[in-house]
Amino acid sequence: MSRRGGVNKFLVAFALSCLPLAAGPATDLARAIRENTLDPQSCYRVRDLTLFKEDIRIYLTDGYLIFSKPVADRPIAALYTTQVENGSGEVILRPPNAAERRSLASYTGSPNLDEQFQAVLLFFTGDLYQSLLAQLPNNPTNRKVPEMGALLAERWDPVLRTFSAGLDLRLALDLLDNTLIKPDFLSASFQDAKLGNFDLVYDPGNPDQISAGQIASRNGQLYFDVWAHFPAKSSRDNSTRPAPPIQLSDYRISATVSPDLNLTAVTKVKVKTNREGLRILPFDIARNMAVSDVRVNGVLAELVEHNDPVRGPPRGGSAGGEDTFFLVMPPMPLRAGGEYEFEFHHSGKVILDAGGRVYYVTARGNWYPNLGGQFATFDLTFRYPRDLELVTPGEVVEDRTEGEWRITRRRPAAAIRLAGFNLGDYAHARVSIGGYTVDVCGNRTLEPALRLRPTPDPVVLPGPTTRRRVRAPVQAETLAAPPPVPDPMARLQRLAADIGGMVAFMASKFGPPALAQLTVSPIPGNFGQGYPGLIYLSTKSYLGGAVAPASQTQESQAQEIFFDELLEVHEAAHQWWGAQVVGASYHDDWLMEALANYSALLYLEKTKGEHEFDELLNEYRMNLLARSDNGAPVDAAGPIVLGTRLESSLEPRAWRAITYGKGSWILHMLRRRMGDERFLSMLAEIMKRYGHREISTEQFRMLAAEFLPPRSDDPKLEVFFDQWVYGTGIPSLKLAYSLKGKAGAWRLSGTLTQADVPDDFEALAPVEIQLPRGQTVTRWVRASNDPAAFEVKLAEAPLKVVLDPHNAVLRR
């Protein structure tokens, strides 16, 4: 399932260009920011200046400081360099919690950042300029040095412009409008001999205002490694999330897909704001889509957009991301509570031809302007070549042909967060279960990338035989006949039945899906995505084992299970987790993936049996224990709440292994503690309380605690979440016990020891005592750094004593 961010991104970037619609205040300001240069007349030889911004501490101890030329009547950038004898500068950042300190240490070797840097390039919109100027008289050695300013400007102006190109819109957003975000943005890009170039950002428009990280590469792939990202100290005690200042509703989109696969669209959406006098608004869109025209209530508005930055989003992962953002300046400021119609004209190449009339949609949920994936109603009309089929969520309102064109209009019956579409030459299989319809679309031809080629293969030729004996076969190397081409339509009916069964299963437990009709459509690649009313399913899932090698390894078998059985039901589960209940932030997105994945496991347990269920859990365990380059297990990359930050240059596998694998184990361990009935009731309650709402990890913890059995030793699940959600570690557990006594008065004494985890780790594990006549006694024992002793009095001698026989604990 795709997770999309809003405008709050790590917008430190290289080599961007702006595409202005027409001259205007926003366009002129963005251009001035991009073309800005350093001002030699504002260069100073300085000592002992300080720059404090919440948790960020920057000390300009001895060096040169030069400001940029004014933009909007004020400098917005500065450079400090230590190019003097004994020059120095220091930056200090101390993350407030263990998870962020551990993350920072994994990249820098220290839980706190305390670095002597060589230079820092600053961009700012607050009072930093006035603050630094006010400190200059405090030291009599501080003085202007315009002659040095000319040298610094010559060297650093190209660098300044490179960085300005990626920050133009973010800075313009502050400088043009004081009502949307407090104008106090700070970006600091450091040159450091030890750590290399890295960035610190303070962004008051982000719930986690402070971030630190750097660009890194691995195997030719660029990443933006987020070292730390957390709320500033003034915001940490504020647990309430303010209402979004901009609300979008009632999308009406008319789009055309031309024969060359170019997408052109007109999007109309209603916009409300709770801010008075709002002058400028940011919107997200796919980086391959260009917005050419924006109107507000029919009047032309000013538009400023730029290409996607190289430096990635605050959540880390591969640098660049899928989205960019642009600014719209209405002809008149917006009034609080007023409703406005925004009309966007946009186009781009977001559909690729994979060959054989198989197509790949690159912009699945971000092909139209959006802001944070808010719930809204949609009315979607597509015009496309009549020999193809285009599917979107919702019921068909109109479907007709005009010459060489086909026009299809769909309207989802309920508000949804994202409206995807897919295109192809499809066959269909449909099932209706309990008032819900599942329509599975399959490509009529196989994409070229999956077609098997004939290969030399040993063929066994029988030798001559007699009645008395059979001679050994003779091996001959020949060219095997080409294997049959896998048929992508062969499994349509089975897919429809499997997904229909999953929909019925989930609906019986948690209520109706996001929409009554679910369309499943193929997409080239090794992934799937579940959007409201529309699933993108890997074309490999349509083929089963048809493309698997004849001699399968354990890894290939696991992949076959993934594509053949798990992926389809996982994406169907997103019709609840992700389509209706939403993670409150990227720290909480793991919940949607883990809930979808474990719901799929529950369905497979019901239909395939416990063995396959346990095999998948064991596969997740192995993935978490796999060794990284540094010798540590993948699980050690960071706690699950780091979200897509886990996909870093240090361990690209970590996000998937931890989010899906450990997330499923977290839910499984809660299930074993609660019991099946309580656990399923808890999942239903999530949907009841948070349907069409956001849920945070802490809200999930408090809700889950309500469903624990009475007299739990961790009644608020604080210890459990500290270990498994906010921490890392997979323990090794060992049980030792002895039995003393006599008939009717037995005493079982045992110890549980723990290893391979930090000293403060505590694992709660069940010890099952099996008695005659099928009776069992279960004692939950909490292991810690010291051996945990326990004692159980029994009337009968046990037949067997077993540690965790039903996989209740993630352990080695």
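The values are calculated or read from the model by the stated rules, or taken from the named source; none is laboratory data. Note that this is a predicted model, so its numbers are computed, not measured. Neighbour counts are summed over all protein chains in view; Cβ atoms, including those assigned to glycine, are modelled from backbone coordinates with ideal geometry. The protein model used for the area step is the full one, side chains on, heavy atoms only, and it has no ligands, DNA or RNA in it. Shrake-Rupley method; radii C 1.70, N 1.55, O 1.52, S 1.80 Å.
Between helix 25-34 and the chain, what is the angle of the helix's C-alpha long axis to the longest principal axis, kept within 0 to 90° and rounded to the nearest 10?
90 degrees
If you average the C-alpha positions of region 694-748 and of region 196-218 separately, how far apart do those two centres end up, in angstrom?
37 Å
Using every alpha carbon pair in region 683-812, what percent of pairs falls into each 5 Å bin from 0 up to the bin containing the largest distance?
Answer for region 683-812: a P(r) of 2, 9, 17, 17, 16, 14, 10, 7, 4, 2, 1, 0, 0 percent.
Determine the per residue accessible area of the chain with all protein chains present and a 1.4 angstrom probe, expressed in square angstrom.
Normalised by residue count, the accessible surface of the chain is 41 Å².
Which shape class applies to region 355-410: rounded if a/c is under 1.5, otherwise prolate when a/b exceeds b/c and oblate if not, where a ≥ b ≥ c are the square roots of the Cα gyration tensor eigenvalues? All intermediate terms of the calculation are to be shown ahead of the outcome.
On the way: a/c = 2.67, a/b = 1.37, b/c = 1.95.
Since a/c reaches 1.5 but b/c is at least a/b, the shape of region 355-410 is classed as oblate.
I need the shape label for region 137-233. Rule: rounded when a/c is under 1.5, else prolate if a/b > b/c, else oblate, with a, b, c from the alpha carbon gyration tensor.
Values: a/c = 1.66, a/b = 1.18, b/c = 1.41.
The shape class here is oblate.
Let me check I have the definition right: for region 585-739, take the eigenvalues of the Cα gyration tensor, multiply each by 5, take square roots. What are those semi-axes in whole Å, largest first?
Equivalent-ellipsoid dimensions as semi-axes: 24, 21, 17 Å.
Run the simple label-point estimate for Ser784 and Asn86 please: 7 Å along Cα→C-beta, distance reported in nm.
If labels sit at Ser784 and Asn86, their model points lie 5.2 nm apart.
Report relative contact order for region 633-749 in percent, whole number only (criteria: Cα-Cα under 8 Å, sequence separation at least 6).
RCO, region 633-749: 25 percent.
From the backbone phi of region 732-745, what are the Karplus-calculated ³J(HN,Hα) couplings (6.51 cos²θ - 1.76 cosθ + 1.60, θ = phi - 60°) in whole Hz, Gly and Pro given as x?
For region 732-745, the Karplus-derived couplings read 9, 10, 9, 10, 10, 8, 9, 10, 9, x, 8, 3, x, 8 Hz, x marking Gly and Pro.
Extending each Cα 7 Å along its Cβ direction at Ala736 and Ala490, get the distance between those two points in nm, one decimal.
5.6 nm
Expressed as a rounded percentage, what relative contact order does the chain have, with Cα pairs under 8 Å and six or more residues apart?
9 percent
Mind listing the Cα extents of region 65-215 along all three principal axes, in Å, largest one first?
Here the Cα extents, ordered largest to smallest, are 46, 44, 31 Å.
What percentages, rounded to whole numbers, describe P(r) for region 37-93 computed over all alpha carbon pairs with 10 Å bin width beginning at zero?
P(r) for region 37-93, in whole percents per bin: 24, 47, 28, 2.
Antiparallel versus total DSSP beta bridges in the chain: what percent is that, nearest 5?
Taking every DSSP beta bridge with both residues in the chain, the antiparallel ones total about 90 percent.
I'd like the Karplus ³J(HN,Hα) series for region 376-391: coefficients 6.51, -1.76, 1.60, θ = phi - 60°, whole numbers in Hz, and an x wherever there's a Gly or Pro.
7, 7, 9, 9, 10, 10, 10, 10, 7, x, 5, 8, 10, 10, 10, 10
Give me the percent of the accessible area of the chain that comes from carbon and sulfur atoms, probe 1.4 Å, all protein chains in place.
Answer for the chain is 50 percent, counting heavy atoms of protein chains only.
Answer rounded, prolate or oblate for region 29-68, using the Cα gyration tensor with square roots of eigenvalues a ≥ b ≥ c: rounded when a/c is under 1.5, else prolate when a/b is larger than b/c, else oblate.
Oblate, because a/c is 1.5 or more while a/b does not exceed b/c.
Nearest 10 degrees, 0 to 90: what angle lies between the long axis of helix 676-690 and the longest principal axis of the chain (Cα atoms)?
30 degrees
Over the residues of the chain, compute the C-alpha Rg and express it relative to 2.2 N^0.38 Å. Kindly include the intermediate steps, with their values, before the conclusion.
On the way: Rg = 30.2 Å, N = 812, 2.2 N^0.38 = 28.1 Å.
Its radius of gyration relative to the 2.2 N^0.38 Å reference: 1.08.
Once phi is turned into θ = phi - 60°, what whole-Hz ³J(HN,Hα) does the Karplus curve with 6.51, -1.76 and 1.60 give for every residue of region 221-227, x standing for Gly and Pro?
Each residue's phi maps through the Karplus curve to give 9, 7, 10, 10, 7, 8, 6 Hz.
May I ask you to list the aspartates and glutamates whose Cα is less than 19 Å away from that of Lys688, ignoring any residue fewer than eight positions away on the same chain?
Asp588, Asp589, Glu593, Asp676, Glu677, Glu698, Glu706
If amide hydrogens are placed 1.01 Å from N in the peptide plane, which non-local residues have theirs closer than 5 Å to the one on Ala490?
none
Can you list, largest first and rounded to whole Å, the semi-axes you get for region 65-113 by taking the square root of 5 times each eigenvalue of its Cα gyration tensor? Kindly include the intermediate steps, with their values, before the conclusion.
Values: eigenvalues 201, 64, 10 Å².
Here the semi-axes work out to 32, 18, 7 Å.
As I understand it, the value is the acute angle between the Cα axis of helix 610-625 and the longest principal axis of the Cα atoms of the chain; what does it come to in degrees, rounded to 10?
Relative to the chain, helix 610-625 is tipped by roughly 40 degrees.
Could you compute the net charge surrounding Asp676? Neighbours are other residues with a C-beta less than 14 Å from the C-beta of Asp676; K and R count +1, D and E count -1.
On the way: positive: Lys509, Lys606, Arg671, Arg672, Arg673, Arg678; negative: Glu605, Glu610, Glu677.
Summing Lys/Arg as +1 and Asp/Glu as -1 gives +3.
Please give, to one decimal in nm, the separation of the simple spin-label points placed at Ser681 and Thr50, each 7 Å out from Cα toward the Cβ.
My value for the distance between the label points is 5.6 nm.
Of all trypsin sites (Lys or Arg not before Pro) in region 648-712, which ones are in loop regions per DSSP and have a Cβ with at most 10 other Cβ atoms within 10 Å?
Arg711
Just from its helices, what would the mean residue ellipticity at 222 nm be for the chain, if runs of 4 or more DSSP H residues each count -39500 (n - 2.57) and the sum is divided by every residue, rounded to the nearest 500 deg cm²/dmol? Show your work: numbers first, answer last.
Numbers: 13 runs with 173 residues, N = 812.
Counting only the DSSP helices, I get -7000 deg cm²/dmol.
Could you name the lysines in cross-link range of Lys268, using Cα to Cα under 30 Å and dropping any fewer than eight places away on the same chain?
Here the lysines satisfying the reach criterion relative to Lys268 are Lys9, Lys182, Lys349.
In whole Å, how far is the Cα centre of region 378-435 from that of region 144-185?
47 Å
Measure up Lys734/Lys793; Lys233/Lys662; Lys144/Lys194; Lys69/Lys144 against 26 Å on the Cα-Cα distance and list the ones that go over. Before the final figure, lay out the partial values.
Numbers: Lys734/Lys793 21 Å; Lys233/Lys662 30 Å; Lys144/Lys194 31 Å; Lys69/Lys144 15 Å.
Flagged as over cut-off: Lys233/Lys662; Lys144/Lys194.
Taking only C-alpha pairs under 8 Å that are 6+ residues apart, what is the relative contact order of region 131-259 in percent?
Taking the mean separation of contacting Cα pairs over the length of region 131-259, I get 11 percent.
Name the long-range amide H neighbours of Tyr44: under 5 Å, sequence gap of 5 or more, or other chain; modelled H, no Pro or chain starts.
Under 5 Å from the amide H of Tyr44 lie the amide H atoms of Leu65, Ile66, Val145, each far enough along the sequence or on another chain.
Heavy atoms only, 1.4 Å probe, whole protein assembly: order Trp577, Trp780, Trp746 by accessible area, highest first.
Result, largest first: Trp780, Trp746, Trp577.
Quick query: amide H of His692 versus all other amide H atoms, modeled in the peptide plane; which residues come in under 5 Å with a sequence gap of 5 or more or a different chain?
Those qualifying (amide H under 5 Å, at least 5 residues apart or on another chain) are Val581.
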